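Q: What follows is a structure written as structure tokens; I'll ask about it next.
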Number of protein chains: 2
Amino acid sequence: MNAGPWLAELSSGSAALSRRSTAERVAGLLRTHVIEGRIPPGTRLSEEDIAAAVSVSRNTLREAFRLLVHERLLVHELNRGVFVREASLDEVADLFRLRRVLECSSVRTPEPPEAAVARLRSAVSEGETAAREGQWQEVGTANMHFHLAVGALAGSPRIDELMEQLMAELRLVFHVMAAPQKFHAPYLEDNARICALVQAGRGEEAAALLDTYLTRAEQQLVQAYRVVANATASA
Amino acid sequence: MNAGPWLAELSSGSAALSRRSTAERVAGLLRTHVIEGRIPPGTRLSEEDIAAAVSVSRNTLREAFRLLVHERLLVHELNRGVFVREASLDEVADLFRLRRVLECSSVRTPEPPEAAVARLRSAVSEGETAAREGQWQEVGTANMHFHLAVGALAGSPRIDELMEQLMAELRLVFHVMAAPQKFHAPYLEDNARICALVQAGRGEEAAALLDTYLTRAEQQLVQAYRVVANATASA
DNA sequence: CCGTATTAGTTGTTGAACGATCCTGCAATC
DNA sequence: GATTGCAGGATCGTTCAACAACTAATACGG
């Protein structure tokens, strides 16, 4: 019996060890490509070409497509194929609406799990050091980690999953901007303030701050969007 | 160019006209069977058998499965097949947690779209007439319509979609109960009260009422769950 | 009685095939 | 000149058959 400390470690590893189907692995591959903007929004993903490129059959590739369509990274048009999503302004607004609901309510959680609070703290410091060193790309991912940690305060697997999806979509949207590098930097202070309020148990104030924060971020993003829209319209 | 007012009307109709793929139609068929409890939770869905039953190929059926797995009505175990979901108590609790977040925030929406408020009213009266006539099945669906309408107050397509998914799962969960018929009847009064508060613009009070409402419903459901768990354990 | 090897049944994945649908370009028409 | 109609080609939707990979159940041997 004698269960040592390696038991938990082992079971946590088993999750990673659990083999995944080919379709899931292909979906993972495509996901990173799409999220990191390597495939521009609006691109049609040819079944034949991609199947050949990753050397899987068309059928399995189609299963991978279904997964990513459900994650809203791709859109599927019958008899036309799948395309990298081009989010409209309305869709961006809706994304932020849901974000606001989830994050503000998470931050109000009376006694958030300590693990989530720790993640919040580390995300804040991660962002600060990255900013000090001028690594704006890292600031962006730190900011994402911050918001994922905010979602985790609710202690809900479902909300965690939703937040991951929202953040993935958001990263996709960011790529329409000309210089997303420094976008997140101004929000570092707010992140720290929100983190402090959460630790102090002042969830209501944190929620209020987060609400205005998200409104501002949305407006900034929408504005960047309009610029691009005008540029492409005049081109 | 002279675009008349019928143009918008026409384009709105084209959405309904959009044909659906075979996989989606099969998914729809399976969905109703699962939701209405005709296939008991835990059942394994054999690819071969079902493919033959609905006369589609295994590949197409697998696509349909993927859709329903993403809707959380089925679960997929690698190399073992897909099963009708058996929700654990934790999962039910998590479902209600998300429900509470979405519905309570929706009900607080400052100026909800009039169409949603109308749906709210009609759902209330739908439930009342069904109860008067003793049609408990109908009371259940009216109650579901009520909560969908609550979600619609936010005016967010995403939240609408989430609510539909949550309600579908909930219907699946209800089937573990012995007599779900009269389950919803006691909530009719609360529905009417919440509807009135929303129309009066008193969202905060409506949210508070809804919160206790959902807590009570969850506890009642969990209790019913325990009964079944004991019954199956002793069997 | 326990553990192991075998076997049967199911899922995972492939490759090819064919009909259905969409897009492109060109000719015909007003 | 702009719109309509019509090939032709390309791509998607779906099916089918086959085999590899895996699981679960059975039979076997200690």
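Q: Working carefully through the options A:Arg80, A:Arg44, find the one that is surrounded by 12 or more Cβ atoms within 10 Å (Cβ to Cβ) and not aliphatic (A, V, I, L, M). Even if it seems obvious, please write down each step before you answer.
A: Numbers: A:Arg80 fails: surrounded by 12 or more Cβ atoms within 10 Å (Cβ to Cβ).
Going through A:Arg80, A:Arg44 in turn, just one is surrounded by 12 or more Cβ atoms within 10 Å (Cβ to Cβ) and not aliphatic (A, V, I, L, M): A:Arg44.
Q: When only residues in segment A:57-87 that are free of Cβ contacts under 8 Å to residues at least 60 places away in the same chain and in a loop (DSSP other than H, G, I, E, B) count, which is farthest from the other protein chains (Cβ to nearest Cβ)?
A: A:Glu86
Q: Kindly indicate the residue of segment A:89-122 that is closer than 26 Å to A:Ala200 by Cα and among the charged types (D, E, K, R) and also farthest from the other protein chains (Cβ to nearest Cβ) among those meeting that condition.
A: Step by step, filter segment A:89-122, then rank; the result is A:Arg121.
Q: Follow-up. Across segment A:38-48, which residue is nearest to the other protein chains (Cβ to nearest Cβ) among those that are away from DNA strand C (no atom under 12 Å from the Cβ) and within 15 Å of A:Arg80 (Cβ to Cβ)?
A: From segment A:38-48, those away from DNA strand C (no atom under 12 Å from the Cβ) are A:38-43, A:45-46; that's our starting set.
Still in the running and within 15 Å of A:Arg80 (Cβ to Cβ): A:42-43, A:45-46.
Working: A:Gly42: 20, A:Thr43: 22, A:Leu45: 16, A:Ser46: 18 Å.
Of everything passing the filter in segment A:38-48, A:Leu45 is nearest to the other protein chains (Cβ to nearest Cβ).
Q: Sort out which residues of segment A:200-225 are crowded, with 17+ Cβ neighbours inside 10 Å, among the small types (Gly, Ala, Ser) and either touching a helix residue (DSSP H, G or I) at 6+ places or on another chain (Cβ under 8 Å) or farther than 17 Å from A:Met177 by Cβ (or both), and write them in order of number.
A: Residues satisfying the conditions are A:Gly203, A:Ala206, A:Ala207, A:Ala217.
Q: Only one of B:Asn59, B:Asn79 is at positive phi and within 13 Å of DNA strand D (Cβ to nearest atom). Can you tell me which? So that I can check it myself, show each step before the final result.
A: Values: B:Asn59 fails: at positive phi.
Answer to the check: B:Asn79.
Yes or no, residue by residue, for (1) touching a helix residue (DSSP H, G or I) at 6+ places or on another chain (Cβ under 9 Å); (2) modelled with pLDDT under 95; (3) within 26 Å of B:Arg158 (Cα to Cα); (4) away from DNA strand D (no atom under 16 Å from the Cβ):
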residue: B:Val101; (1), (2), (3), (4): yes, no, yes, yes
residue: B:Ser105; (1), (2), (3), (4): yes, no, yes, yes
residue: B:Ala115; (1), (2), (3), (4): yes, no, yes, yes
residue: B:Ala130; (1), (2), (3), (4): yes, yes, no, yes
residue: B:Gly134; (1), (2), (3), (4): no, yes, no, yes
residue: B:Glu138; (1), (2), (3), (4): yes, yes, no, yes
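Q: Related question: I need the helices (runs of 4 or more DSSP H) fully contained in segment A:117-228, keeping only those with at least 1 residues that are in contact with a His (Cβ under 7 Å, 6 or more places away or on another chain) and aliphatic (A, V, I, L, M). Before you say what the answer is, go through the steps one by one.
A: Working: elements: A:136-152, A:157-174, A:188-199.
Correct list: A:136-152, A:157-174.
Q: In the list A:Asp90, A:Asp94, A:Asp49, which residue meets the criterion of being in a helix (DSSP H, G or I) and within 13 Å of DNA strand D (Cβ to nearest atom)?
A: Numbers: A:Asp90 fails: within 13 Å of DNA strand D (Cβ to nearest atom); A:Asp94 fails: within 13 Å of DNA strand D (Cβ to nearest atom).
Result of the check over A:Asp90, A:Asp94, A:Asp49: A:Asp49.
The values are calculated or read from the model by the stated rules, or taken from the named source; none is laboratory data. Because the structure is predicted, anything quoted here is derived from the model rather than measured. All Cβ positions, even for glycine, are placed from backbone atoms using ideal geometry, and neighbour counts span all protein chains on display.
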